[in-house]
Amino acid sequence: MSIHMHLRAVAESEIRDDHTWLAAFMAEAWGNHPDEYAAGIADSIDKVWSSVNDLYAAADGLEADADAPWTLPIYGGRPVAHRAGGDPANPPLMILEPLGVSRAADFLARVSFDELWGVAGARLGGWGGDESEVRQEFLGHHRDLRGFYGRAAAAGHAVVKAVWA
């Protein structure tokens with residue numbers, strides 16, 4: 001089974017705060033994901049986004065910032081209410097408003113991947129590959145997220161997040 005967290009940058013004025021509309025928007029964006037990824041307006045993380053969040057949680061011990069900006073790249077945002085049920089057309093959705101996107105971009109630009117890995121890497125190495133392969137995978141996610149959030153923040157965009165199973 002494949003499961004992904006899908007992130008899509010979009011102008012806040014173009015977002016409807018309606019789960020049905022937003023799910024359709026994200027489904028269309030998911031269908032165009034390769035092109036949107038290439039354009040720098042989308043990103044996705046397969047299966048390990050919670051572990052990427054765990055990597056960023058290591059910043060809690062490295063930074064004095066009490067408001068935990070490390071939570072923003074993965075789990076930051078406001079949930080969009082929806083009907084209960086496991087319908088694939090009804091995925092969990094969140095909206096991270098432009099201020100949050102800017103804070104996430106700032107965090108990702110200043111945090112040291114090497115320092116995060118030094119604190120959390122041993123806990124994240126249990127994904128079946130050798131540690132250097134796992135480190136490279138997480139470094140790739142970090143670079144992608146840093147670029148994605150940086151571009152979204154520069155454009156003043158919000159980020160919509162969906163989880164697809």
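The values are calculated or read from the model by the stated rules, or taken from the named source; none is laboratory data. These numbers were taken from a predicted model, which means no experiment stands behind them. When we count neighbours, we look across all protein chains shown, and the Cβ atoms used for this are built from the backbone with ideal geometry, even at glycine.
General observations
- Residue list for the range 99-136, filter: crowded, with 18+ Cβ neighbours inside 10 Å and in contact (Cβ under 8 Å) with a residue 60 or more places away in the chain: Val101, Leu116, Trp117, Ala120, Leu124
- When residues of the range 87-141 are limited to those that are assigned to a helix (DSSP H, G or I) and among the acidic types (Asp, Glu), the one modelled with the lowest pLDDT: Glu131
- Criterion (of a type outside the set (S, T, N, Q) and at pLDDT 95 or above) met by exactly one of Arg8, Arg16: Arg8
- Subset of the range 138-165 [of a type in the set (A, V, I, L, M, F, W, C) and surrounded by fewer than 16 Cβ atoms within 10 Å (Cβ to Cβ)]: Leu139, Ala154, Ala155, Val163, Ala165
- Here is the figure for the range 44-64: residues that are under 11 Å from Val111 (Cβ atoms) and among the hydrophobic types (A, V, I, L, M, F, W, C) total 4.
- The condition (being of a type outside the set (D, E, K, R), touching a residue at least 40 places away in the same chain (Cβ under 8 Å) and at positive phi) is satisfied by just one residue among Gly61, Gly40: Gly40.
- Odd one out for Ser2 among (1) assigned to a helix (DSSP H, G or I); (2) farther than 13 Å from Ala162 by Cα: (1)
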